[in-house]
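All remarks here apply to the structure that follows.
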Amino acid sequence: MIFNFISGNCTPESAALADLAVGERGILYDFSLSHDVAEYLMNLGFVPGLEVTVANSGPGGDPRIYRVDGTEVALRKELSKLITVLPVAVAAY
């Protein structure tokens, strides 16, 4: 089950989670993932509408550690490319 608490389509300001640099934050927007993988990530705290921070990066930039709702999760770049976020500067109204 996929929830999308942010109304509207992706804006030109939206980016892939993989595009954020270490220390940058974004608001989770949408998943372009299979139902099972999206549900698993939501169980880990990756719920659209929540803020995610790029906490750290492995050697060579992959995997990256993302912090969301008090949980740190390591994701490979190939997976984080399929998660759309709104950078915090853009998400602020």
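The values are calculated or read from the model by the stated rules, or taken from the named source; none is laboratory data. Here the structure is a predicted model, which is why all the values come from computation and not from measurement. So basically every Cβ, Gly included, is an ideal-geometry build from the backbone, and we count neighbours across all protein chains shown.
Could you count how many residues in the stretch 73-84 are over 14 Å from residue 24 (Cβ atoms) and assigned to a helix (DSSP H, G or I)?
So the count comes out to 3.
Scan the stretch 50-68 for residues that are surrounded by 12 or more Cβ atoms within 10 Å (Cβ to Cβ) and over 14 Å from residue 80 (Cβ atoms) and report the count.
2
Just give me the residues in the stretch 23-72 being of a type outside the set (Lys, Arg), part of a strand (DSSP E or B) and either under 10 Å from the mean Cα position of the chain (by Cα) or more than 23 Å from residue 89 (Cα to Cα) (or both), in sequence order.
Within the stretch 23-72, 26, 27, 28, 29, 30, 31, 51, 52, 53, 54, 66, 68 qualify.
What's the number of the condition residue 13 fails, among (1) among the charged types (D, E, K, R); (2) part of a loop (DSSP other than H, G, I, E, B); (3) at pLDDT 95 or above?
(3)
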